[in-house]
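Down below is the structure, laid out as C-alpha cells.
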Amino acid sequence: MKRVYASLSLPDVHHAKNLLASVGIRAMVKNEMLASAIGQLPFADCQPEVWVEDDADAERAARLLAEGPLRPADKGKAWQCGCGEIQEAQFTQCWRCGTDR
Ligand SMILES: [Zn+2]
C-alpha cells in the first residue's frame, strides 16, 4: 500500500481513484470520514488520500495523476513536488515539505 494522492477536495480524491481504476490500477480512498473534521485537526492529518494497493503501481499512479486530466483545465494541473507529494494546482508550495513549486 502506498499513498499517491491527497486533497482536501473529496470529489478530487474520488476522481483520482477513478482515473487510476480506468487504467487498471487498484486504489482505495483513506481518511474519507476524517475530512468532515477539517478545522479541528491539523490540515495534513485529515485530508482524504488515495492509496494504491500494489506498491509497484505507485510510481505510475503518481505520474499519471501529476500529468493527467485530474482537474478541469480552468483550474490548472496538479504538480508533483520533489518529495513525491502530488499538489493541486492552486498550491504554490508543497504542504508536506514546504518546497516552492
Ligand atoms: Zn514536498
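No lab work stands behind these numbers, since they all come straight from the coordinates. In this text, all values refer to a predicted model and were calculated from it rather than measured experimentally. No Cβ is skipped: glycine too gets one built from the backbone with ideal geometry, and neighbour counts run over all protein chains shown.
Structure summary
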{"read-out": "Order of Val4, Val13, Val29, Val23 under a 10 Å beta carbon neighbour criterion, fewest first", "value": "Val23, Val29, Val13, Val4"}
{"read-out": "Ascending count of other beta-carbon atoms within 10 Å, so fewest first, for Thr92, Thr99", "value": "Thr92, Thr99"}
{"read-out": "Which of Arg60, Arg101, Arg3 has the fewest Cβ neighbours within 10 Å, and the rest in rising order", "value": "Arg101, Arg60, Arg3"}
{"read-out": "Gain in span if fully extended, Leu10 to Trp95, counting 0.36 nm per residue against the direct Cα distance", "value": "28.9 nm"}
